Each structure stands twice: as C-alpha cells, then as structure tokens.
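What follows is a short report on a single structure.
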Amino acid sequence: MSSVKPYTYFSLLYSHLMQSVDYKFWAKYLSEIHDTLGDKSDYALELAAGNCFVTKYLKSKFKKLIVSDISKEMLLLCEQRIDKVCCNMTNLPFSYKFDFIYSTFDSLNYLNTESKLSEFFENISGNLSENGFLTFDVSLKKNSVKHLKKLNREGKFKGIKYVQKSVFNDETNIHTNTLTITLKNGKTFTEIHNQKIYDFYYYFDVIHSKELYVAECFDAFTFNDATEKSDRVQFIVKRKN
Ligand SMILES: C[S@@+](CC[C@H](N)C(=O)[O-])C[C@H]1O[C@@H](n2cnc3c(N)ncnc32)[C@H](O)[C@@H]1O
C-alpha cells in the first residue's frame with residue numbers, strides 16, 4: 001500500500017462522499033452575506049474551491065470570479081468554465097486585490113498548524129481591496145464529535161472501493177480522516193487528511209494580531225452571533241485600514 005498526498009484519489013470520490021451536502025443552500029447563505037456587503041461590480045476569489053460545487057451558484061454574482069485550490073486533481077474535476085489557479089491559500093500568487101474572498105466547508109481547518117493559520121491571515125490582507133472582505137466557515141469541536149460516526153464508512157463508487165476512518169484526538173484537537181482506496185486494478189493507496197479544530201477564541205486572537213478584524217462571526221447558516229458552543233461558525237473579516 002502506498003501513501004499519496006491528500007486529494008490525489010479522494011478527488012475522484014468527492015462528489016459521491018459529499019452527495020448529502022446541499023451546496024445550493026450553502027451558496028444562498030454566502031450570497032446573502034455578499035448582498036449585504038458587496039455588489040455586482042466585485043472582483044471575487046474562491047479559496048480551496050475543490051470541485052467548485054458552490055461556485056456554479058455564485059459566479060454570476062460578481063464582475064469576475066477566480067477559483068483556487070492547492071489540489072490540481074480537485075480543480076481538474078471542476079466543470080465550470082472559469083479561471084482556475086492551483087495555489088496554496090497561505091501564499092497567494094495574485095498581484096491584485098479582491099473585494100470578496102470566500103471559502104466553504106471547513107477548508108481553513110486544513111491549515112492544521114498555528115503557523116500555517118497565522119501565515120494565511122498575515123498574507124490575506126494584501127489580497128483584499130480597501131473595503132473588501134473575507135468570509136469563511138470553520139468547524140468547531142462539537143461538529144467534529146457529532147459527525148464522527150457517519151464519517152467511519154466504506155463503499156464503492158465508479159469501481160473504486162474506499163474505507164474512511166475518522167478520529168478526533170481530544171489532546172491535539174486534530175481531526176484525522178484516513179482513506180484507504182482500492183482502484184479497479186487492485187492497487188491500494190492511503191490518503192491522510194488532518195484538520196485542526198482550533199478553539200473558537202483562537203481565531204479572534206490570530207485575526208486581530210494581523211492587519212485585520214472580525215466584523216461579524218455568525219453561527220453558520222444564520223445571522224445569529226456564534227459562540228464557542230456552535231458547531232460551525234462563519235467569519236466575516238475586514239482590513240483594519
Ligand atoms: C473539504 S474540501 C472543501 C472543498 C470545497 N470548498 C467544497 O465546499 O466542496 C477542502 C479543500 O481545501 C483544499 N485545501 C487544503 N489545504 C489547502 C491550502 N493550503 N490551500 C488551498 N487549498 C487547500 C483541498 O484541496 C480541498 O479541495
């Protein structure tokens with residue numbers, strides 16, 4: 001069995017594993033956030049877009065939208081006719097500034113060390129326009145624990161067999177998903193996905209330590225204030241100046 005980097009084969013299963021996710025509903029929520037803060041002349045950037053399932057519902061909302069992800073394999077399965085850039089969100093390659101930067105579905109939890117998270121916020125202000133904003137969701141501990149049972153699963157999709165093991169480590173706060181994938185030719189690979197479940201207040205500390213501030217933090221999919229007891233929270237972050 002060989003180990004491969006995350007999303008090499010997982011990308012082929014992504015649409016199957018995420019079939020219960022209502023991306024239209026998720027996009028509607030982001031769209032409502034954008035309606036209150038931005039307008040149709042905005043230049044937008046999607047981070048960690050994956051297969052672009054949310055993108056298709058949002059792209060008409062902006063003057064221009066670029067999607068990005070660290071995984072070429074994920075972006076290659078994005079069916080949208082849109083500009084795609086393969087890059088690490090901690091080190092964005094753009095020389096211009098965006099009015100609306102967003103990401104969905106726990107993607108910032110993939111920044112699984114404090115230094116990666118810090119680097120991300122350190123750099124992002126350089127890619128935000130003066131009145132631009134960044135919005136992203138993160139999963140908190142309650143969410144990790146709640147979904148553990150259903151993330152331990154196995155199945156078959158397009159001839160690929162998979163076994164997913166999901167473990168949350170209470171001491172390190174790392175949520176690990178290990179996928180064992182067997183291809184049609186019998187070859188077996190493992191992919192390990194480590195997500196860090198940071199403390200709710202830690203995000204505020206790191207964001208405010210950079211040239212940024214938290215304008216709002218909602219209990220995800222609502223416009224109510226989030227708390228440390230929320231499952232998932234939606235941040236809206238702006239530049240200090
Ligand atoms: C859970 S998936 C979410 C994908 C998509 N946003 C969605 O809602 O379906 C997480 C995504 O984060 C991407 N990712 C992980 N670390 C990244 C990084 N440092 N920079 C950019 N993308 C990253 C992965 O390649 C993957 O596509």
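The values are calculated or read from the model by the stated rules, or taken from the named source; none is laboratory data. Just so you know, these numbers come straight off a predicted model, no measurement behind them. Neighbour counts are summed over all protein chains in view; Cβ atoms, including those assigned to glycine, are modelled from backbone coordinates with ideal geometry.
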So residue 8 ticks every box in (1) near the ligand (Cβ under 9 Å from one of its atoms); (2) not assigned by TED's automatic domain parsing to the domain that holds residue 136 but one. Which box is left unticked? (1)
Could you please let me know if residue 86 is surrounded by fewer than 16 Cβ atoms within 10 Å (Cβ to Cβ) and within 16 Å of the chain's Cα centre (by Cα)? yes
Among the listed residues 236, 124, identify the single one that is under 22 Å from residue 99 (Cβ atoms), out of contact with any Phe, Trp or Tyr (no Cβ under 8 Å at 6 or more places or on another chain) and surrounded by 12 or more Cβ atoms within 10 Å (Cβ to Cβ). 124
Across (1) of a type in the set (A, V, I, L, M); (2) under 20 Å from residue 27 (Cβ atoms); (3) away from the ligand (no atom under 13 Å from the Cβ), residue 128 clears everything bar (2)
State which residue is modelled with the highest pLDDT when the search covers only region 54-77 and only residues that are farther than 20 Å from residue 137 by Cβ and part of a loop (DSSP other than H, G, I, E, B). 63
Name the pairs: first residue in region 38-65 and under 16 Å from residue 89 (Cβ atoms) and among the polar types (S, T, N, Q), second residue within 16 Å of the ligand (Cβ to nearest atom) and in a loop (DSSP other than H, G, I, E, B), Cβ to Cβ under 9 Å, at least 6 apart or on different chains? 55/49; 55/78; 55/80; 55/82
Tell me yes or no: at least one residue of region 57-65 is surrounded by fewer than 19 Cβ atoms within 10 Å (Cβ to Cβ) and within 12 Å of the ligand (Cβ to nearest atom). yes
Test each condition in (1) among the charged types (D, E, K, R); (2) within 16 Å of the ligand (Cβ to nearest atom); (3) surrounded by 12 or more Cβ atoms within 10 Å (Cβ to Cβ) for residue 150 and report the one that comes out false. (3)
May I ask you to list the residues in region 158-191 that are among the hydrophobic types (A, V, I, L, M, F, W, C), surrounded by fewer than 16 Cβ atoms within 10 Å (Cβ to Cβ) and modelled with pLDDT of 95 or more? 163, 167
Filter result (within 11 Å of the ligand (Cβ to nearest atom) and without any contact (Cβ under 8 Å) to a residue 60 or more places away in the chain) within region 25-37: 27
Contact list, first residue from region 13-24 and within 11 Å of the ligand (Cβ to nearest atom), second anywhere and part of a loop (DSSP other than H, G, I, E, B) and of a type in the set (A, V, I, L, M, F, W, C), beta-carbon distance below 6 Å, six or more apart or interchain, is 23/53; 23/54
Those residues of region 94-121 which are among the aromatic types (Phe, Trp, Tyr), surrounded by 16 or more Cβ atoms within 10 Å (Cβ to Cβ) and more than 14 Å from the ligand (Cβ to nearest atom), in sequence order: 98, 100
Taking interchain pairs and intrachain pairs at least six residues apart, which have beta carbon atoms under 9 angstrom, with the first residue in region 187-201 and closer than 15 Å to residue 143 by Cα and the second exposed (fewer than 15 other Cβ atoms within 10 Å of the Cβ) and of a type in the set (Ser, Thr, Tyr)? 196/113; 196/172; 200/227
Need the failing condition index for residue 51 against (1) outside any loop (DSSP other than H, G, I, E, B); (2) of a type outside the set (A, V, I, L, M, F, W, C); (3) touching a helix residue (DSSP H, G or I) at 6+ places or on another chain (Cβ under 6 Å); (4) crowded, with 18+ Cβ neighbours inside 10 Å, just the number. (1)
Please determine whether any residue of region 202-215 is of a type outside the set (A, V, I, L, M, F, W, C) and at positive phi. no
